[in-house]
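Working notes, structure below.
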Amino acid sequence: MSGGEASSSMAAHATSESTTTALPLRATLRCAIAYIHAHPGEALGCRDIAGLAGLSVSQCARQFRRITGLAPHRYLLQVRVALVKTLLCESERDLVLIAADAGFADQSHMNRVFRRLTGTTPGAFRLAEFARRRSEVDRFSRCNVGVSGWAARHDESVAGERAEAPVFQGE
């Protein structure tokens, strides 16, 4: 069988609604989902995702929702927002560049989608995450200073006790 015949054969099996093809249907959607995760910044529409799964747009939407609980586009947006969160935490890049890397049309589009899905804006998320991490570092620093300070005080007091051991007289 040639490559074209094999892919059309796979697509024909994937579009069947019988119970015997549920596994191949899941496998084709799994490939589409893996592609979304590997390329969240690409311009992917419902047609593109359906093409990756070898399904019609309506079949893809129905099966995608059945398997993931979300429509394909909504799933893609959630993957993109997760990428934005990661980029916000790991870099100090401009929001415009992060929006472009995550596949949003512009910063405004990213802000709207991010706020709708998380309840906060990307800038506010970055500030809150920075503050949270800084407080963790501060807490860790205080903890280490406290322990080392305690150890130093303990060592001094033990050394002082040895040096100033009471002398018993007259027994």
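General observations
- Of the helices (runs of 4 or more DSSP H) lying entirely inside the range 19-71, the ones with 1 or more residues being more than 28 Å from Ile98 (Cα to Cα), at pLDDT below 95 and open to solvent by 60 Å² or more (accessible area, probe 1.4 Å) are found at 22-38, 57-68.
- Selection status of Leu76, surrounded by 14 or more Cβ atoms within 10 Å (Cβ to Cβ), at pLDDT 95 or above, closer than 12 Å to Ala32 by Cα and aliphatic (A, V, I, L, M): yes
- In the range 80-132, the residue that is surrounded by the fewest Cβ atoms within 10 Å (Cβ to Cβ) out of those that are of a type in the set (Lys, Arg) and touching a residue at least 12 places away in the same chain (Cβ under 8 Å) is Lys85.
The values are calculated or read from the model by the stated rules, or taken from the named source; none is laboratory data. Just so it is clear, the structure is predicted and the values come from calculations on it, not from any experiment. Cβ atoms come from the backbone with ideal geometry, glycine included; neighbour counts cover every protein chain shown. Please note that ligands, DNA and RNA were not included when accessible areas were found on the heavy atoms of the full protein model with its side chains. Shrake-Rupley method; radii C 1.70, N 1.55, O 1.52, S 1.80 Å.
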